[in-house]
Amino acid sequence: MKIKVSQANAPIMHEATVIAELPASLQPLWELAHNLWWVWNSDAKSLFRDIHPDLWRSTGENPVMVLQRISSERLKAIMKDADMMERINQVYADFKEYMSKPMRKDVPSVSYFSMEYGLCNCLKIYSGGLGVLAGDYIKEASDSCVDMTAVGFLYRYGYFTQSLSVDGHQVANYEPQNFNQLPIEQVLDENNQPMILEVPYPGRIIYSHVWRVNVGRMKLYLLDTDFDLNSEYDRCITHKLYGGDWENRLKQEYLLGIGGVLMLKKLGVNSTIYHCNEGHAALLNLQRLVDFVEEKHLAFPAALEMVRSSSLYTVHTPVPAGHDYFDEDLFGKYLHEFPARLGISWSDLMNMGRENPDTNERFSMSVFALNTCQEANGVSWLHGEVSKKMFAGIWKGYSWEESHVGYVTNGVHMPTWAASEWKKYYAEKLGKEMFTHQSDPKYWAKIFDAPDEEIWEMRMTMKNKFINFLKRDFKEKWLANQGDPSAVMNIVEKINPNALIIGFARRFATYKRAHLLFTDLDRLAKIVNNEQFPVQFVFSGKAHPADGAGQGLIKRIIEISRMPQFLGKIIFLEDYNMVVAKRLVTGVDIWLNTPTRPLEASGTSGEKAEMNGVLNFSVLDGWWYEGYKFDEKAGWALTDKRTYTDQGMQDRLDAATIYQMLENEIIPLYFAKNSKGYSPEWIQYIKGSIGHIAPHFTMQRMIEDYIQRFYDPEAKRFNKLAANDYALAKEIVAWKEQVVDAWDGVKVLEFNIEGPAQSASGKDYNVEAVIDTNGLGRSLGLEYVAYRVEDGQEHLAEVKPFTVVSEKDGVIKYELHETVQDAGVYRYGFRLYPASDKLPHRQDFAYVRWI
């Protein structure tokens, strides 16, 4: 008999989170920690930091973990500290006062859907600008008392944390989040058990937990499938943001849209407006259609009128390739049951997601969103124009310039992104009322009366704070990556507070053109090694794990930063996150942005810099295309004009322009210092940036734009359509059906143009048309459409309606008197269209016939 030396089965382990029990006098801290109001309230944030500075840093600024890990000895010390207890009580009183303010009744309620939210560093449910924008938006909804409910995912792994190998390769680390250690709360059912949402997928039910994030006065609900009621195949739906294959992406978007609407119903949330932040959430309107058909007993066409009238789609992507498209077989695998529930055919549903119906095109979430949302918008004026062109093919017969697609330029949540030092300064110098009137420039005007010395002292305070962070963070990351300790000391010692520090931090996609600065290394070396006028650059950012070119760019910057001539002059901060971003946008002197125009839909990092007296140097793209116009002596711009069609040639020209502007304009201006150690002209630039530009790019302005341009008009129309058992919605459907039935029978009986044989400016023309409307009568409009041709491009020049001069038995005579005003080359035509003042815009019913 052989005797085994050892024997053991696999460990069976269970997880338990043991937390410190807070005494009654400290219980307010627990409530404060579980409401993200602390993120943008400086007193609350500094309170948690001061409770235990080391824990605050080591937990990634997570107050819940701080309270869970704090020692009983420290808790006793806090309770004995009268000043600290007074601070706790004062912050809690401020919080209660904030929460007591009721939601506004003069704006409609909104449900807001997004795949990601950047709210704070410790809640990893965001990847970049889209998420941070969504997080800022719901914070402002709280501040502005807008009745908004947000829907998203609680990701187990979220987006990756970044580390760099010794040779500069990006390493993506996916670290699981312990939900019990986050500033969130699990939603419980009536039996005080975790609420379970059942989401019907084909052939099975997928179960979801629901977690609540208290964001000031409003609620963000997050779906979570990672628990044992689901199969391993389905638990991973909420594992990673933008992770997995196309099937997992479709499962995610199904859960966000369809599951999100089902969750709101279960929670008793019934909003007036449904806002789809990017196309990922478009399927929310599919579930809403089902609800109107099955619960309100509306036929599909009337249901579509109701859903459209209460839906808004915001697009953030400037190129078609950036949108989600699904193969018909895959789409059918998950959505094949819906047409029968709606009373339509499978091809009807597929066509709602195709730019060209009745083809083999894949299903586009963006096209579906446009077909089920009355309104759509880009995220800057320029991006709105780009979006009109991008989506023009959906509404054939209309030029892109006639599109209803609008815009709301992105803003930033000033209380989150302005440094606490600046907020205190603003309160003292501009008045506390400025915070409730952030979007009104007159409340910022007093910045021009501030002493120059104070502005410079503020900037140097923030710069030194940033440099301390930079040295500590860079050193820690360097050593963690097994770097040479002596080498890192050599680098950090060269970081110079007297240098002009330029920051560049964002997602490392190739169109962001981080490489421009390194086009001419010899010229760059002269710039950064000028002892009289020292300049340093700080880079940070992540590349998508599948973006080899972006990762290669990071590696190249690392390699350049280690060259002797650039050591300590070019620094790359790894693991770009919200903490790093806050330090950068508050601490550098210039914010550099060099995207390929017009691929920057908006960009918001430069707007954050504005709130902190940091000047922008950017391509005229996205928000800066508008911002620079407010004060051209408050920043610098690369032209929006393109010189070369070849992108490589354009890149070289833009790089040369950057060097030239740095050498001849920016660096001399910064170092034109007076006897007090600062440049008076530089301070004027800062004042202009704060006083003239910053007010126009706050989140407060942005949410008011959404209310005025979209939420209010849609809500009014929705209520009209819904009144009297949806009478107007049914009336519009009946009218549209009449037009469709009669459309092919409309006939042109006569058409005559009278005028000079030779076209000349200033000449008059008369056009007459006699149309058999096939019973449509005044529901048929006729108009003249002219396009001016310049440099091979067509631009809409004029749209002019005909006048009805007679009508008999369905036959209408139309007349138009036109004077050609300007010489040039034109293309023109005459367009029939359905006419009704009950439509929100022409693209709502885009039937067109050219005659």
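The values are calculated or read from the model by the stated rules, or taken from the named source; none is laboratory data. These numbers were taken from a predicted model, which means no experiment stands behind them. Cβ coordinates were reconstructed from backbone atoms using ideal geometry, including for glycine residues, and neighbour counts include every protein chain displayed. With ligands, DNA and RNA removed, areas are computed over all heavy atoms of the protein, side chains included. Shrake-Rupley method; radii C 1.70, N 1.55, O 1.52, S 1.80 Å.
Normalised by the number of residues in segment 232-356, the average gap of Cα pairs under 8 Å and 6 or more apart makes the relative contact order 24 percent. With 28 Å as the limit, write out which pairs from Lys124/Lys389; Lys266/Lys542; Lys45/Lys471; Lys101/Lys442; Lys388/Lys542; Lys463/Lys687 have Cα-Cα distances beyond it, or answer none. Those over the limit are Lys124/Lys389; Lys266/Lys542; Lys388/Lys542. When Trp400, Trp636 are compared by accessible surface with a 1.4 Å probe, the order from highest to lowest is Trp400, Trp636. Can you grab the distance from the C-alpha centre of segment 182-197 to the C-alpha centre of segment 418-487, Å, no decimals? Computed from Cα coordinates, the inter-centre distance equals 39 Å.
Our note on the geometry: Cα centres of segment 568-619 and segment 716-785, 51 Å apart.
Where in segment 592-636 are there trypsin sites (Lys or Arg not before Pro) that are in a DSSP coil and have at most 12 other Cβ atoms within 10 angstrom of their Cβ? Filter output for segment 592-636: Lys633. Taking only the Cα atoms of segment 595-659, the radius of gyration and Dmax are 12.2, 37 Å. Residue-wise HN-Hα couplings along segment 326-340, as the Karplus relation 6.51 cos²θ - 1.76 cosθ + 1.60 with θ = phi - 60° gives them from phi, are 10, 4, 4, 4, 5, 4, x, 4, 9, 10, 5, 7, 6, x, 5 Hz; Gly and Pro carry x. Ordering 288-298, 207-217 by mean Cβ neighbour count within 10 Å, with the highest value first, yields 207-217, 288-298. Normalised by residue count, segment 136-246 yields a Cα convex hull volume of 166 Å³ per residue. Within the straight-line cut-off of under 16 Å between alpha carbons, the lysines reachable from Lys747 are Lys808, Lys813, sequence neighbours fewer than 8 places apart in one chain being disregarded. Shape analysis of segment 611-699 based on the Cα gyration tensor places the equivalent ellipsoid semi-axes at 26, 19, 8 Å, largest first.
What does the C-alpha gyration tensor say about the overall shape of segment 350-509? Classify as rounded when a/c is under 1.5, otherwise prolate if a/b is larger than b/c, or oblate. Note, shape of segment 350-509 comes out oblate. Counting heavy atoms of the protein chains alone, Glu559 has an accessible area of about 70 Å² for a 1.4 Å probe.
When only the Cβ of Lys, Arg, Asp and Glu is charged (+1, +1, -1, -1), the dipole of the chain relative to its Cα centre reaches about 2020 debye.
Ordered from largest to smallest accessible area (heavy atoms of protein chains, 1.4 Å probe), the residues Glu453, Glu175 come out as Glu175, Glu453.
Using the Kirkwood radius over Cα pairs, work out the Stokes-Einstein diffusion coefficient for segment 651-690 at 20 °C and 1.002 mPa s, in µm²/s as a whole number. D, rounded to a whole number, is 191 µm²/s.
Toward the positive end of the charge dipole of the chain, about the Cα centre and with charges on Cβ (Lys, Arg +1; Asp, Glu -1), which of Asn593, Asn173, Asn464 goes farthest? Going by the Cα projections, it comes out as Asn464. According to the calculation over all Cα-Cα pairs in segment 363-411, the P(r) per 10 Å bin from zero is 28, 57, 15, 0 %.
Starting from the Cα gyration tensor of segment 38-175, take the square roots of the eigenvalues, sort them a ≥ b ≥ c, and report rounded, prolate or oblate (rounded when a/c is under 1.5, otherwise prolate if a/b is larger than b/c, else oblate). Because a/c hits 1.5 or more and a/b fails to exceed b/c, segment 38-175 counts as oblate. Taking amide H atoms as placed 1.01 Å from N in the peptide plane, the amide H of Asp324 lies under 5 Å from those of Met365, Ser366, each 5 or more residues away in sequence or on another chain.
The string of couplings for segment 786-797 from the Karplus curve (6.51, -1.76, 1.60, θ = phi - 60°) is 10, 10, 8, 9, 9, 6, x, 10, 9, 10, 4, 9 Hz, one whole number per residue in order, with x for Gly and Pro. Solvent-accessible area of Asp327, all protein chains in place: 90 Å² (probe radius 1.4 Å, heavy atoms, ligands and nucleic acids excluded). For the chain, DSSP calls about 60 percent of its internal beta bridges antiparallel. Cross-link partners for Lys608 among the aspartates and glutamates, with Cα-Cα distance under 12 Å and sequence neighbours closer than 8 places in the same chain left out: Asp136. Entry for segment 280-389 at q = 0.17, 0.21 Å⁻¹: log10 I(q)/I(0) = -0.82, -1.17, Debye formula applied to identical alpha-carbon scatterers, no solvent contribution. Within the straight-line cut-off of under 20 Å between alpha carbons, the aspartates and glutamates reachable from Lys265 are Asp147, Glu185, Asp189, Glu190, Glu198, Asp224, Glu253, Asp291, Glu294, Glu295, sequence neighbours fewer than 8 places apart in one chain being disregarded. Direction-averaged projected area, Cα convex hull, segment 121-200: 8.4 nm², rounded to one decimal.
Charging the Cβ of each Asp and Glu at -1 and of each Lys and Arg at +1, and nothing else, the dipole of segment 344-450 about its Cα centre rounds to 400 debye. Leu592 exposes around 10 Å² of accessible area when a 1.4 Å probe is run over every protein chain in place.
Note on segment 314-449: dipole from Cβ charges, positive end direction compared against Ile344, Tyr443, Ala376; the farthest Cα belongs to Tyr443.
Would you please classify the overall shape of segment 497-538 from the alpha carbon gyration tensor, given that a ≥ b ≥ c denote the square roots of the eigenvalues, rounded means a/c under 1.5, and beyond that prolate means a/b larger than b/c while oblate covers the rest? Oblate is the answer for segment 497-538, as a/c is 1.5 or above yet b/c matches or exceeds a/b. Given [x] 27.5, 99; [y] 29.8, 117; [z] 48.7, 152, which label gives Rg and Dmax of the Cα atoms in Å as computed from the coordinates? Recomputing Rg and Dmax of the Cα atoms in Å here picks out [y].
Tell me the carbon and sulfur percent of the accessible area for the chain, rounded to whole percent, probe radius 1.4 Å. About 50 percent, which is the carbon plus sulfur part of the accessible surface. Remark: accessible surface ordering of Glu665, Glu493 (largest first) is Glu493, Glu665, probe radius 1.4 Å. Positive end of the dipole of the chain, charges at C-beta (+1 Lys, Arg; -1 Asp, Glu), about the Cα centre: which of Ser366, Tyr828, Leu553 has its Cα farthest in that direction? Of Ser366, Tyr828, Leu553, it is Leu553.
As a length-normalised measure over Cα pairs under 8 Å and 6 or more apart, the relative contact order of the chain settles at 10 percent.
Charge dipole (Cα centre; +1 on Lys/Arg Cβ, -1 on Asp/Glu Cβ; no other charges) of segment 467-595 amounts to roughly 280 debye. Computed from backbone phi with θ = phi - 60° and the Karplus coefficients 6.51, -1.76 and 1.60, the 3J(HN,Hα) list for segment 292-298 is 5, 6, 8, 9, 9, 6, 8 Hz; x is used for glycine and proline.
For Ile196, no residue has an amide H sitting under 5 Å from its own, ignoring neighbours fewer than 5 places away on the same chain, with H placed 1.01 Å from N. The average projected area of segment 312-352, computed from the convex hull of its Cα atoms over all directions, is 3.9 nm².
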